[in-house]
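Undergrad: This is the structure, below, for whatever I ask next.
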Amino acid sequence: AFGPGKRDPKRRWPLSSFVELGAWLKREYHARILIVGEMGEKALADELQSQLGHIVINMVGQTTLRQAFALLRHCGLYVGNDYGPKHIAAAAGVPVIEINGHPLAGSPFHTYSPMRFGPWGVTHLVLQPETALEPCSDACTAAQPHCILGITVEQVKNAVMTLLREDSRKISERS
């Protein structure tokens, strides 16, 4: 599942990065991608769907909270920005990759710090830029995507492979 939205633009990983990641997931894993989010993100999700085609199941703005939870339970992994659907995926027991623009060197007490509001109770990886980009320091202060651009598609691919490997080990241990 993908959660590409976020009301605050500076905390939204670029759509082009989600497109590149989705194309890679299709090639490498023959994945289908569920997109979740709120109605205000419909245009973003529609654009993602138009670029990735038939592999996308676009449910943005079409589900209740319970329905989104039920759909996410069937996903093997969630990749998205730091916002509500990430928490729904975690509550559904889905491994989470959070893309967060708050720099690792930033304050752990800042409102945007994943130390405060990261995924809880599931296997997860939080990807953050090492440091803030100029002129930001303790946190990203830009109006548009800025510090979050320090997270590359390659880093997210590596996180996907790590979590999928870990998940397959858990399955084989249970067998």
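The values are calculated or read from the model by the stated rules, or taken from the named source; none is laboratory data. Quick caveat: nothing in here was measured; it's all calculated off a predicted structure. Note that each Cβ is placed from the backbone with ideal geometry, even for glycine, and that neighbours are counted across all protein chains shown. Surface areas here come from the heavy atoms of the whole protein model, side chains and all, with no ligands, DNA or RNA. Shrake-Rupley method; radii C 1.70, N 1.55, O 1.52, S 1.80 Å.
Undergrad: Can you find, among L15, L104, T64, the residue sitting farthest towards the positive end of the charge dipole of the chain, where Lys and Arg contribute +1 and Asp and Glu -1 at Cβ?
TA: So the residue furthest toward the plus end is T64.
Undergrad: For M161, M39, M115, give me the order by solvent-accessible area with a 1.4 Å probe, most accessible first, ignoring ligands, DNA and RNA.
TA: On the way: M161 60, M39 120, M115 155 Å².
Largest accessible area first, the residues go M115, M39, M161.
Undergrad: Return the ratio Rg/(2.2 N^0.38 Å) for region 2-41, where Rg is computed over Cα atoms only.
TA: Details: Rg = 11.3 Å, N = 40, 2.2 N^0.38 = 8.9 Å.
Output field value: 1.26.
Undergrad: Which value, in debye to the nearest 20, gives the size of the charge dipole of the chain about its Cα centre, when Lys and Arg are +1 and Asp and Glu are -1 at the Cβ?
TA: With Lys and Arg at +1 and Asp and Glu at -1, about 520 debye.
Undergrad: Ignoring ligands, DNA and RNA, what percent of the accessible area of the chain is carbon or sulfur (1.4 Å)?
TA: 55
Undergrad: Long-range amide H contacts for E38: which residues qualify at under 5 Å (H placed 1.01 Å from N, peptide plane, sequence gap of 5 or more or a different chain)?
TA: Counting only residues 5 or more places away or on other chains, the set is G61.
Undergrad: Placing +1 at every Lys and Arg Cβ and -1 at every Asp and Glu Cβ, with all other atoms neutral, what dipole size does region 88-165 have around its Cα centre, in debye to the nearest 20?
TA: Dipole size: approximately 260 debye.
Undergrad: For N58, list long-range residues whose amide hydrogen, built 1.01 Å from N in the peptide plane, is under 5 Å from its own amide hydrogen.
TA: Residues meeting the amide H criterion: I35.
Undergrad: Given a 1.4 Å probe, how much area per residue of region 42-175 is accessible, in Å²? Walk me through the intermediate numbers first.
TA: Working: 7200 Å² over 134 residues.
Heavy-atom accessible area per residue stands at 54 Å².
Undergrad: When the scattering of region 43-84 is computed by the Debye formula from its Cα atoms alone, each counted once and equally, what is log10 I(q)/I(0) at q = 0.20, 0.26, 0.33 Å⁻¹?
TA: Debye intensities relative to I(0), on a log10 scale: -0.76, -1.20, -1.22.
Undergrad: Cut-off 10 angstrom, C-alpha nodes, Gaussian network model of the chain. Which of R73, R27, R12 fluctuates the most?
TA: R27
Undergrad: For region 24-103, what mean projected area does the convex hull of the alpha carbons give, in nm²?
TA: 5.7
Undergrad: DSSP loop (so not H, G, I, E, B), at most 14 other Cβ within 10 Å: list which chymotrypsin sites (Phe, Trp or Tyr not before Pro) in region 87-170 pass both filters.
TA: F109, W120
Undergrad: To continue, here is another question. Taking the Cα atoms of region 73-112, what is the range of coordinates along each of the three principal axes, in descending order and whole Å?
TA: 35, 13, 11
Undergrad: While we're on this one: What is the Å³ per residue value for the convex hull set by the Cα atoms of the chain?
TA: Spelled out: Cα convex hull of the chain, divided by residues, is 113 Å³.
Undergrad: May I have the extent of the alpha carbons of region 83-175 along their three principal axes, as whole Å values ordered from largest to smallest?
TA: Taking the Cα atoms of region 83-175, the three principal extents are 52, 25, 20 Å.
Undergrad: Round to the nearest 0.05 the FRET efficiency obtained for L65 and M161 when R0 = 25 Å and r is the Cβ-Cβ distance.
TA: Plugging the Cβ-Cβ distance into 1/(1 + (r/R0)^6) gives 0.25.
Undergrad: Tabulate in residue order the Karplus-calculated ³J(HN,Hα) for region 137-149, using 6.51 cos²θ - 1.76 cosθ + 1.60 with θ = phi - 60°, rounded to whole Hz; enter x for Gly and Pro.
TA: 9, 7, 7, 6, 10, 6, 8, 10, x, 9, 5, 5, 5
Undergrad: For region 5-47 and region 130-149, compute the distance between their C-alpha centroids and round to whole Å.
TA: Region 5-47 and region 130-149 have Cα centres spaced 21 Å from each other.
Undergrad: For C75, enumerate residues with amide H under 5 Å from its amide H, sequence gap 5+ or separate chain, H modeled in the peptide plane.
TA: The answer is none.
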